[in-house]
Amino acid sequence: MKNTEPEVLVVARPALDFEEIARYMGEVGGVEWLARLDQGRLDEELNEAQTLAEIAGRVCYRSWEPGLNPNVKRVRTDQGAYLKNILSSAHGSVLEHANFSFVLNNVSRVFTHELIRHRAGTAVSQESLRFVRLQEIPFWFPEWAREDAELMERASGVLRELEEFQTWMAGRFGLDEDGVVFSEKKHKTSFMRRFAPEGVGTTLLWTANIRTLRHTIESRTAPGAEEEIRLVFHKIGEIMRAEAPALFGDYTIEDGAWVPSWRKV
C-alpha cells in the first residue's frame, strides 16, 4: 500500500497570438484598445486568460472604442472593471474560450466517478487500468481516518491483501514471462482491475473552460460535496484565483465552501 495525497498541476493555459490580434484590431478600429492593453506588458505581465475573455466580450458588442458601435457611447478601459461587469451581468458565454488543463494525480476513482458528471466544457483523459497493471495500491486516507488507529490497521490489512492478490494473479497468468503478447496482458489486466478498490489512486488530465471552472469550484466545494472532491477543488480554486484573479477574485470561502459573488455566469 502507498499512502498518497491528491495533487493538482496546471499543465496548459491560454496563449494568445498578438500579431493576429493586432491585424484584426487594425481592421475593426481597436488599435487604441490594443495600445492601452500593451503598456509594455504584452511579453511579460499580461494575463492571457483574462484578455481572451475580454476580447470575446468586446467582439460581441464591438466595444473597442466609443462610436465603433453607434449604440455604445462609452467603454470601460480597465480590464478588471470590464470583467467584473461581465461576471455581474452573467455574460458567461465569453468565459468558455479560455481553457486550463490540469493533471489530477493520486485521485481516487470515487473522485473520478463524481467528476465525470461535469461534462459540458470539459475534456478528460484518464489512466486506464485495462492497460496499466497494479502492483502496489495507492490510496488516500482523510485526516479523520488517519487519526483512528484501529481503522487504519484494518484498512491497511485489506489493502495489503488486495496487493498480494494482484501479485499472485500476475504470477498465475505468467504476465511477466518472456513472449507474452500485449493483447494477452491487456486481457488479463482488465480482469485483475476488478479486484482493486474504488479508492485506488489514479491520474487524469482534465481540461475545463473558465465558465465550467466557476461552476465546479462552487458546487464541488459545497458542504454537501464528497470530501475528496472538496479537497481537490479547493486546490483548483486557489490555483485559478492566482491564474485569473479578475475572474475568480469574487469568491469568499465559508467553512471550506467557495461562494461566488455572482452565480449563473
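Out of everything in the range 112-142 that is under 30 Å from Glu96 (Cα atoms) and among the charged types (D, E, K, R), what residue ends up being surrounded by the most Cβ atoms within 10 Å (Cβ to Cβ)? Among them, the one singled out is Glu114. Cβ separations smaller than 8 Å between residues 6+ apart or across chains give the following pairs from the range 244-262 residues that are free of Cβ contacts under 8 Å to residues at least 24 places away in the same chain to residues that are surrounded by 15 or more Cβ atoms within 10 Å (Cβ to Cβ) and among the charged types (D, E, K, R): Gly249/Arg241. Is it fair to say Ala120 is in contact (Cβ under 8 Å) with a residue 60 or more places away in the chain, assigned to a loop (DSSP other than H, G, I, E, B) and on the phi > 0 side of the Ramachandran plot? Against the criterion (in contact (Cβ under 8 Å) with a residue 60 or more places away in the chain, assigned to a loop (DSSP other than H, G, I, E, B) and on the phi > 0 side of the Ramachandran plot), Ala120 does not qualify. The residues listed here are Leu175, Leu129, Leu151; of these, the one that is touching a strand residue (DSSP E or B) at 6+ places or on another chain (Cβ under 9 Å) and of a type outside the set (S, T, N, Q) is Leu129. Checked against (1) closer than 24 Å to Gly57 by Cβ; (2) acidic (Asp, Glu); (3) under 14 Å from the mean Cα position of the chain (by Cα), Asp250 passes all but condition (3). Look at Ala170 and say whether it is surrounded by 20 or more Cβ atoms within 10 Å (Cβ to Cβ) and either assigned to a helix (DSSP H, G or I) or modelled with pLDDT of 95 or more (or both). Judged against the criteria, Ala170 is not a match. On the stretch given as the range 10-26, residues that are surrounded by 12 or more Cβ atoms within 10 Å (Cβ to Cβ) and not in a helix (DSSP H, G or I) total 5. Scanning the range 97-122 for residues that are over 17 Å from Ala225 (Cβ atoms) and of a type in the set (D, E, K, R) gives a single hit, Arg119. Residues that are at pLDDT 95 or above, of a type in the set (Val, Ile, Thr) and not in a helix (DSSP H, G or I) occur in the range 106-116; there is at least one.
If you go through the range 179-205 and pick out every residue that is in a loop (DSSP other than H, G, I, E, B) and among the aliphatic types (A, V, I, L, M), you end up with 3. Within the bounds of the range 35-53, is there any residue that is over 23 Å from the mean Cα position of the chain (by Cα), surrounded by 15 or more Cβ atoms within 10 Å (Cβ to Cβ) and in a helix (DSSP H, G or I)? Within the range 35-53, one or more residues are over 23 Å from the mean Cα position of the chain (by Cα), surrounded by 15 or more Cβ atoms within 10 Å (Cβ to Cβ) and in a helix (DSSP H, G or I). Entry remark, the range 104-118: residues being within 10 Å of Leu204 (Cα to Cα) and under 13 Å from the mean Cα position of the chain (by Cα) number 4 in total.
I'm trying to understand the selection: among the residues of the range 160-189, which are farther than 11 Å from Leu134 by Cα and among the charged types (D, E, K, R)?
Arg160, Glu161, Arg172, Asp176, Glu177, Asp178, Glu184, Lys185, Lys186, Lys188
Please verify whether the range 206-215 includes one or more residues that are surrounded by 14 or more Cβ atoms within 10 Å (Cβ to Cβ), in contact with a Ser or Thr (Cβ under 9 Å, 6 or more places away or on another chain) and not in a strand (DSSP E or B). Yes, because at least one residue in the range 206-215 is surrounded by 14 or more Cβ atoms within 10 Å (Cβ to Cβ), in contact with a Ser or Thr (Cβ under 9 Å, 6 or more places away or on another chain) and not in a strand (DSSP E or B).
The values are calculated or read from the model by the stated rules, or taken from the named source; none is laboratory data. Nothing here was measured: the structure is a model prediction, and the numbers come from that model. With ideal geometry, Cβ positions are generated from the backbone for all residues, glycine too; neighbour counts draw on all protein chains shown.
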